[in-house]
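Q: One structure, as structure tokens, below. Some questions next.
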Amino acid sequence: MKDRIGKELTKKQIINKIINRFLNILLEFEVFLLHLIGNFPFHHVRRFFYRLAGVKIGWGSTLHMGTRFYQPNNIVIGQDTIIGENAVLDGRDKLIIGNHVAIASEVMIYNSEHAINDSNFSAISAPVIIEDYVFIGPRAIILPGVKIGKGAVVGAGAVVTKDIPPFAIVGGVPAKIIGERRNKNPSYKLGRARWFR
């Protein structure tokens, strides 16, 4: 038996490939079930199943309907954080989201991508860290290896490819600093979640 690039495999390698394939199918099924649960209109129920799947969710945090996950067990969400509708949270590497973070609808946070110049188009991954009091606008995209500093603001539709310093306001493709947040000592609470979102 050969692998996808034509290299002969040993029995041990074949067995490992079979086991990995089976584990990947189980993970895909889990992600599918979480997708179905993501459409259930009560955030308390969704949060219960997300925690059961391994997502670490802090007190008072809410994930609105339609949230999609890749490998949920690597995702940590702090306290009083709100994730908007139809967000994508990638857990193929560590994804750490702090406290009091507001992530708007349809934001995509990825920590794995393909090495486009690699002959095998291999996957590469790097953790994403979003610190406390960050606001990420609708349809923004956060790419692997990015750290977004405390209190930073990411404008709607921005594509974040590099680290963002604390309290910076960024926008554009790729995201560039366009301003600075004046309040350097945020202490607000995001409030209660909507029951049917």
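Each reported figure results from applying straightforward, stated rules to the coordinates on display, with no laboratory input. What you see is a predicted model, and the numbers here were worked out from it, not measured in a lab. Neighbour counts run over all protein chains shown; Cβ positions are idealised from the backbone, glycine included.
Q: Taking region 156-170 as the search range and keeping residues that are crowded, with 18+ Cβ neighbours inside 10 Å and not β-branched (Val, Ile, Thr), which one is nearest to residue 41 (Cα to Cα)?
A: This residue is 158.
Q: Only one of 144, 174, 127 is touching a residue at least 12 places away in the same chain (Cβ under 8 Å), under 14 Å from the mean Cα position of the chain (by Cα) and surrounded by fewer than 17 Cβ atoms within 10 Å (Cβ to Cβ); which?
A: Numbers: 144 fails: surrounded by fewer than 17 Cβ atoms within 10 Å (Cβ to Cβ); 174 fails: under 14 Å from the mean Cα position of the chain (by Cα).
The match here is 127.
Q: Do you know which residues across region 1-49 are of a type in the set (D, E, K, R) and over 23 Å from residue 83 (Cα atoms)?
A: Passing the criteria: 2, 3, 4, 7, 8, 11, 12, 17, 21.
Q: If you take the residues of region 1-43 that are among the β-branched types (Val, Ile, Thr) and part of a helix (DSSP H, G or I), which of them is surrounded by the most Cβ atoms within 10 Å (Cβ to Cβ)?
A: Per the criteria, the residue is 37.
Q: Follow-up. Mind checking which residues of region 73-96 are in contact with a Phe, Trp or Tyr (Cβ under 6 Å, 6 or more places away or on another chain) and buried (at least 21 other Cβ atoms within 10 Å of the Cβ)?
A: 89, 90, 91
Q: Also: List the strands (runs of 3 or more DSSP E) that sit entirely inside region 52-123 and contain at least 1 residues that are not β-branched (Val, Ile, Thr).
A: Once the strands (runs of 3 or more DSSP E) in region 52-123 are filtered for at least 1 residues that are not β-branched (Val, Ile, Thr), what remains is 68-70, 88-90, 95-97, 112-114.
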